[in-house]
Amino acid sequence: MKCPFCRTDNDRVIDSRLSEDGFAIRRRRECLSCKRRYTTYERLEQSTIKVVKKDGARVPFDRKKIKRGLEKACWKRPISDDQIETVVTAIENEVYRDYETEIHSRELGEVVMDHLKRLDQVAFVRFASVYREFKDARDFVQELGPMLSEPHRLDP
């Protein structure tokens, strides 16, 4: 493992434990050259699920794309990187649990929105506006209607 700071391939493992999601091993390492510490994660390599795009193209499922989309939706919201990572992991786990070889991009978008709706309503609306290609304010009102009708959603 190369140190991310000095790029030397000389480290030692200080601590190993199962990650919070239970699907990876978290290792705390120390570079023997520069003495800085960093964390790595080892994940079981899973068979790749293909995402079927609108045009019929099939591309490998990519958790990084999910994370980038969530980061854009959560921009300037009170959401930590750890919360985003937790949601990305939950989405990835759900996809690998519920789908064997393929998932349509529309279904994947719905999975992302379900998780995002629970995390932050503003981020959810941002994501939905791009994902569902809102054309005007009526589209926003239509999407917000069900959320606004739930009394517990309005409480701070």
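A few comments on the model shown:
- Of all residue pairs spaced 6 or more apart or on separate chains, those with beta-carbon atoms under 7 Å, a first member in the stretch 72-98 that is within 19 Å of S129 (Cβ to Cβ) and a second member that is assigned to a loop (DSSP other than H, G, I, E, B) are C74/D120; R77/D120; I79/D120; I84/C74.
- The condition of being closer than 30 Å to E20 by Cα, outside any helix (DSSP H, G or I), at pLDDT 95 or above and not aromatic (F, W, Y) holds for only one of I103, I84, I66, that being I103.
- Lone qualifier among K54, K35, K2 - being modelled with pLDDT under 95 and either more than 30 Å from H104 (Cα to Cα) or assigned to a helix (DSSP H, G or I) (or both): K2
- Qualifying positions in the stretch 6-46 - in contact (Cβ under 8 Å) with a residue 24 or more places away in the chain and within 30 Å of V95 (Cβ to Cβ): E20, D21, F23, R29, Y38, T40, Q46
The values are calculated or read from the model by the stated rules, or taken from the named source; none is laboratory data. Note that the structure is a prediction, hence the values are computed from the model and not measured. Note: ideal-geometry Cβ built from the backbone for every residue, glycine included; neighbour counts use all protein chains shown.
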